[in-house]
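A quick write-up on the structure given underneath.
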Amino acid sequence: MTTADAVDREVAWLNASGDGLPALNTSAGGPFGNIQGYWPRTPGRRGTNLFVMRRAITEHRFANIRRMATYQFELKLVWPLSSGQGRAEDDQRAFDLAVDKVLLRIGGYPGDKSHGGRFRSVAEDPAQVTVRFHDPAQSVPPEAEFWAEITYHADDIEFTG
């Protein structure tokens with residue numbers, strides 16, 4: 001068992017579609033043109049981006065040789081001012097709708113919070129997902145973008161070692 005592929009597993013879940021949950025990738029009808037792991041050296045501008053980062057790993061040891069890793073994921077969402085109407089309010093409303101779809105996908109299915117078996121559970125311990133929106137007065141003038149971060153935790157599959 002490795003902790004190194006946790007970001008890739010979460011990106012695969014966020015890119016999944018056709019499973020009854022909202023699609024996030026534009027290729028499947030979702031709002032984000034790019035969903036990828038890690039922050040790129042030169043992030044694309046003027047596009048809808050969702051970047052997955054892992055901010056912390058905590059290993060819980062129990063029963064002598066059994067361990068379970070818990071990850072703190074942080075999603076960085078970048079949403080351009082692009083309605084074409086010059087109304088930032090319309091783009092902020094569209095961003096809110098996109099964030100809602102991300103929250104529904106993170107929440108998973110009723111009774112199955114494993115993100116399709118990729119983890120033991122996601123957003124269950126602690127049972128919270130936090131969204132922090134950047135102040136648009138700070139991001140719209142220089143970059144013409146809206147920004148938000150979503151943080152939550154995922155428990156990995158138990159392993160021995």
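Each Lys and Arg contributes +1 and each Asp and Glu -1, all at the Cβ; summed about the Cα centre of region 71-113, the dipole is approximately 120 debye. Which residue, I106, Q128, P141, has the largest displacement toward the positive end of the dipole of region 105-161 when charges sit on each Cβ (Lys, Arg +1; Asp, Glu -1)? Going by the charge dipole, the pick is I106.
In the full protein context, the chain carries 51 Å² of accessible surface per residue, based on a 1.4 Å probe and ignoring ligands, DNA and RNA. Multiplying the residue separation of A63 and R41 by 0.36 nm and subtracting their alpha-carbon distance yields 3.7 nm. Above 30 angstrom, tally the Cα pairs of the chain and express them as a % of all pairs, no decimals. Of the Cα pairs, 20 percent sit more than 30 Å apart. Taking only protein heavy atoms and a 1.4 Å probe, the accessible area of the chain is 49% carbon and sulfur.
The values are calculated or read from the model by the stated rules, or taken from the named source; none is laboratory data. Values in this document were obtained by computation on a predicted structure and should not be read as measured data. When we count neighbours, we look across all protein chains shown, and the Cβ atoms used for this are built from the backbone with ideal geometry, even at glycine. Heavy atoms of the whole protein, side chains included, go into the accessibility calculation; ligands, DNA and RNA do not. Shrake-Rupley method; radii C 1.70, N 1.55, O 1.52, S 1.80 Å.
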